[in-house]
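Colleague: Quick one: this structure, given as structure tokens, is what I'll be asking you about.
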Amino acid sequence: MIRYGTNPIAWSNDDDSSLGGDIPLEQCLSDAGRIGFEGIEKGRKFPSDAAALQAALEPHGLAYVSGWHSLKLLERPVADERSALRPHLDVLTALGCSVCIVCETTGAVHGQVDTPLAGRPKLAASGWGGFCAGVEAIARHCAGEGVHLAYHHHMGTVVQTMEDIEAFMEHAGPHTKLLLDTGHAAFAGVDPATLAERYMDRIVHIHAKNVRPAVRQRALAEGLSFLQAVRLGVFTVPGDDEGCVDFPAVLRIAARGHYSGWLIAEAEQDPAQRDPVFYQTLALKTLRAMAREAGLDRPRPARRTLN
């Protein structure tokens, strides 16, 4: 079954507090519920306690989808990583989440406004085996509690390019699954449909994010940081004519692979420049229509939506 969710970075950015810092959590949740989303991922303004988080979401008819966890396996042992993950995993299991979103952030530059993307960390060929063994150990730990580890390839991190993703997946153990982020793939010069075709049997979570190619090209040509590119509007949502991601192709592959899980409409933009309600409404309408056309979803009774 396909479920449609959103991410609060459309309202308040996690890496750049200057974007949407004035927007209250209640506004974000109210908007997301009225638009018609079934669930939402965690943002920096969310309660960290499971009971408080559930209490915040329930009035808006929203399920808790999952939340980002920053791995530091390249700088600390697996035992320490398991301990660091424990509070996050407790919330996921308490609220019935099916995936734990992780990304290795040792040396990552995506949160540094003055560091160009070219300054991201890179692994030598000899480093992938040990790194992926650590990820697999954490994935087994999650699986033991009924949660899939969904590894997020991400701009500015050690797993960014097609070469990185291929090396990661080649060495990844059976419990390690993949989060397909169409926007981060396209920004990195990777065809999202190619990733979907190659790894759909390992994909357990999808972020449906679009990319404005003109902004992407400028960011690469000028050696900008990730956050500078975000501020310029490199990302947008499905349905925006300025975007270049072929979502129907990705969703057709997902349908053939019998994907069952969340489709998350995600795009970090400046809410002062691009209204979250307008863009997230467009995203949900577009994703639902495309998913049905692709055979990935079937019509269900409509939820209440904005008038």
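Colleague: What tally of residues in the stretch 128-142 results from selecting those that are buried (at least 21 other Cβ atoms within 10 Å of the Cβ) and either in contact with a His (Cβ under 8 Å, 6 or more places away or on another chain) or farther than 10 Å from Glu104 by Cβ (or both)?
Modeller: 5
Colleague: From the set of residues in the stretch 238-257 that are among the aliphatic types (A, V, I, L, M) and free of Cβ contacts under 8 Å to residues at least 60 places away in the same chain, which is farthest from His154 (Cα to Cα)? Steps first, please.
Modeller: Taking the stretch 238-257 and keeping what is among the aliphatic types (A, V, I, L, M), we get 245, 249-251, 253-255.
Then drop every residue that is not free of Cβ contacts under 8 Å to residues at least 60 places away in the same chain, which leaves 249, 251, 254-255.
Values: Ala249: 21, Leu251: 20, Ala254: 20, Ala255: 24 Å.
Ranking the candidates gives Ala255 first.
Colleague: Which of the residues belonging to the stretch 21-38 are under 17 Å from Thr281 (Cβ atoms) and touching a Ser or Thr at 6+ places or on another chain (Cβ under 8 Å)?
Modeller: Answer for the stretch 21-38, where residues must be under 17 Å from Thr281 (Cβ atoms) and touching a Ser or Thr at 6+ places or on another chain (Cβ under 8 Å): Ile23, Cys28, Ala32, Arg34, Ile35, Gly36, Phe37.
Colleague: In addition: Which strands (runs of 3 or more DSSP E) does the stretch 2-117 wholly contain that include 1 or more residues that are under 23 Å from Ser225 (Cβ atoms)?
Modeller: 68-71, 99-104
Colleague: With respect to Met169, is the statement that it is over 17 Å from the mean Cα position of the chain (by Cα), surrounded by fewer than 20 Cβ atoms within 10 Å (Cβ to Cβ) and hydrophobic (A, V, I, L, M, F, W, C) true?
Modeller: Numbers: over 17 Å from the mean Cα position of the chain (by Cα): yes; surrounded by fewer than 20 Cβ atoms within 10 Å (Cβ to Cβ): yes; hydrophobic (A, V, I, L, M, F, W, C): yes.
Criteria met by Met169.
Colleague: Now for a different question. Need the failing condition index for Leu71 against (1) within 28 Å of Lys122 (Cα to Cα); (2) in contact with a helix residue (DSSP H, G or I) (Cβ under 6 Å, 6 or more places away or on another chain); (3) of a type outside the set (Ser, Thr, Tyr), just the number.
Modeller: Every listed condition holds for Leu71 apart from (2).
Colleague: Please find, among Gly189, Gly156, the residue that is in contact with a helix residue (DSSP H, G or I) (Cβ under 6 Å, 6 or more places away or on another chain), at positive phi and not hydrophobic (A, V, I, L, M, F, W, C). Break it down stepwise before answering.
Modeller: Details: Gly189 fails: in contact with a helix residue (DSSP H, G or I) (Cβ under 6 Å, 6 or more places away or on another chain).
Every option except Gly156 fails the conditions.
Colleague: Further, regarding this structure: Among residues belonging to the stretch 100-114 that are buried (at least 18 other Cβ atoms within 10 Å of the Cβ) and β-branched (Val, Ile, Thr), point out the one that is farthest from Glu81 (Cα to Cα).
Modeller: Initial filter on the stretch 100-114 (buried (at least 18 other Cβ atoms within 10 Å of the Cβ)): 100-105, 108-110.
Subset that is β-branched (Val, Ile, Thr): 101-102, 105, 109.
On the way: Ile101: 14, Val102: 11, Thr105: 12, Val109: 20 Å.
Taking the candidates together, the pick is Val109.
All of the numbers you see were taken from the coordinates with simple rules; none came from a lab. Bear in mind the structure is a predicted one, so any value in this text is a computation, not a measurement. Methodologically, a virtual Cβ is constructed for each residue, glycine included, from the backbone with ideal geometry; neighbour enumeration extends over all protein chains shown.
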